[in-house]
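The values are calculated or read from the model by the stated rules, or taken from the named source; none is laboratory data. As the structure is a prediction and not an experimental result, all values here were calculated from the model. When we count neighbours, we look across all protein chains shown, and the Cβ atoms used for this are built from the backbone with ideal geometry, even at glycine. Note: accessible area is taken over every heavy atom of the protein model, side chains too, but ligands, DNA and RNA are not part of it. Shrake-Rupley method; radii C 1.70, N 1.55, O 1.52, S 1.80 Å.
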Amino acid sequence: SPFGMNDKMAGADDIVEAIEDAANDTSVRAIVLRINSPGGSPTASETIHRTIEWAKNVKKKPIIVSMGSVAASGGYWVATPADRIYAMNSTLTGSIGVVGGKLNLQGLWDKVHVRWESVHYGDNSGMLSFNQPFSPSEQKQFEASLDNIYDYFIKRVSEGRHLTPDQVEKIAKGRAYTGRQALALGLVDEIGGMDKVLDDLAVAN
């Protein structure tokens, strides 16, 4: 999942390494994470999320999130454990939800006269194959997988923002909000950009 750092693309491994370095540096008083991401892989988002929790709870580093123009879906997942979340009025955030699917290239193969044969062991072993549509069993399993990720997302927001799962569910379902709306809903704590984040940290320290 790409997250913007100084307008450069950074992958989950890079971000995890940067957080770990900052958390282990005794001269660092707080970690500011700038998020500018529409989301991506739940696995990448959860990897970063767990590293933030480790830095916060084990290394006792305050974690501040500063949202750029967009911090939605996986970008919001990453923000949930922060001590404080800042967004701009125009930030698009939230989008607490999950979507998934797969390409079905069967029609393309028919047009170019390519035929694929495969051997599968188990009802759902070919579930992610691009060469055929979902079978009813595969469709059911895939939807169950998405439901599981969605429920976990709800739990992460509930824990991080001190809301009940029912409260989160009411504002979830993939809906995106402006920073001002997110503040009213309890998804962020402050309106302001990096200047305000740094000013507030300077006053606090």
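Within region 124-145, does at least one residue satisfy the condition of being in contact (Cβ under 8 Å) with a residue 60 or more places away in the chain and either aromatic (Phe, Trp, Tyr) or surrounded by 13 or more Cβ atoms within 10 Å (Cβ to Cβ) (or both)?
Looking through region 124-145, none of the residues is in contact (Cβ under 8 Å) with a residue 60 or more places away in the chain and either aromatic (Phe, Trp, Tyr) or surrounded by 13 or more Cβ atoms within 10 Å (Cβ to Cβ) (or both).
At least 2 residues that are under 23 Å from the mean Cα position of the chain (by Cα) in each: list the helices (runs of 4 or more DSSP H) lying fully within region 63-166 that qualify.
Counting at least 2 such residues, we get 74-79, 136-161.
When only residues in region 50-106 that are closer than 22 Å to Ala204 by Cβ and among the basic types (Lys, Arg) count, which is surrounded by the most Cβ atoms within 10 Å (Cβ to Cβ)?
Filtering region 50-106 for residues that are closer than 22 Å to Ala204 by Cβ and among the basic types (Lys, Arg), the one surrounded by the most Cβ atoms within 10 Å (Cβ to Cβ) comes out as Lys61.
Go through region 6-41 and give me each residue that's part of a strand (DSSP E or B), at pLDDT 95 or above and exposed (fewer than 14 other Cβ atoms within 10 Å of the Cβ).
None; the set is empty.
If the requirement is being in contact (Cβ under 8 Å) with a residue 40 or more places away in the chain, open to solvent by 40 Å² or more (accessible area, probe 1.4 Å) and of a type outside the set (Phe, Trp, Tyr), which of these qualifies: Leu187, Leu201, Leu183?
Just a single option satisfies the conditions, and that option is Leu183.
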